[in-house]
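Encoded as structure tokens, the structure appears first; notes follow it.
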Amino acid sequence: MHKNILKPDLKYIKITHFVIFTTIIVFFSCKNESSDFSGNISRIEGREININDSIAADQSIDDFVRPYREHIDKDLSTPLAYNPETLNKTDGELNTAIGNLMADIVMEQSAPVFRSRKESEIDAVLLNFGGIRAMMPKGDVTARTAYEVMPFENAIVVLELSGKKVREMIDYLVKRKTAHPISGIKLSLNSNGGLKEALIGGKQIEDGKNYFIATSDYLMNGGDNMNFFLNPVSVTPLDYRIRNAMIDYFTRTDTIQAVRDDRFVME
């Protein structure tokens, strides 16, 4: 089962300024005293107040927050696994080690949750290239690593798509030629960039079959123009954030094994 969501790192929450808006309303008298007054906005003025070192800190607030901040910092900084080499989303054209890792994590961590709810298997995973927001440096992997790579609150959902919709998904990937993280999908392009072969779970796509595709709730709603996800046959929310899936995977993994492979290649 997945774990409770970690709270954000309080020491990074910093208020730098606020703005006071003053609204000036000019009232115009009406023709008689029994009439209602109507107010018209004459102008709106704003004044920025910087919060800087000239404003003394409230020690009592800092004393109250400190133990919580230190506890969260300890949780986020505790080593969970080891990454033998730096992973960057720019290290490949059609598939990357970090993208493959993320998609495989979603597949592996989501499978038992989905199986318990639908008694079915996830056929494939598709995430988005833009959702990877940081590299994974060589060295210790922590919960903070997951927050840096995936800072969004994106949750995993499993969509049931028709064979036709899956073909639209494949067409999207072929046309975009972007290293969107995929798992359970194998695409091969010819030298002209056209589709040579597309497999789901190692098999040809069948028009009369429905497929279960795991993705994020952001993409489910057509994010990154992935409109093939709209109007699926069914939707199964897993109540499991991608970031939490990463943390759970790191917790039970000693050494990260992430590589570019042949899941999306061009001759």
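Bear in mind that the values in this text are calculations on the coordinates, not laboratory data. Just so you know, these numbers come straight off a predicted model, no measurement behind them. Neighbour counts are summed over all protein chains in view; Cβ atoms, including those assigned to glycine, are modelled from backbone coordinates with ideal geometry.
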- Message: For a quick check: sort I247, I44 by the number of other beta carbons within 10 angstrom, fewest at the front.
- Response: I44, I247
- Item | Estimated FRET transfer efficiency when R0 is 45 angstrom, pair V235-K138 (beta carbons, to 0.05) | 0.70
- Using alpha-carbon positions, what is the distance between the centroids of segment 193-207 and segment 219-258, in Å? 22
- Two-site FRET efficiency, F129 against K175, from Cβ-Cβ distance with R₀ of 22 Å, rounded to 0.05: 0.95
- Task: Could you work out the relative contact order of segment 81-266, using alpha carbon pairs under 8 angstrom and six or more residues apart, expressed as a whole percent?
- Result: 37
- Hey, with R₀ at 45 Å, roughly what FRET efficiency would S188 and T78 work out to, going by the Cβ-Cβ distance, to 0.05? 0.60
- Task: Mind checking the full-extension length gain between A57 and E197? Use 0.36 nm per residue of separation minus the Cα-Cα distance, one decimal, nm.
- Result: 44.1 nm
- Task: Report, by chain and number, residues whose modeled amide H sits under 5 Å from the one on R260, excluding near sequence neighbours (fewer than 5 apart, same chain).
- Result: A97
- Note on the structure: Answer in debye to the nearest 20: the dipole magnitude of segment 81-266 about its Cα centre, from +1 Lys/Arg and -1 Asp/Glu charges placed on Cβ, is 280
- Message: Quick check: from the Cα gyration tensor, does segment 81-266 come out rounded (a/c under 1.5), prolate or oblate?
- Response: oblate
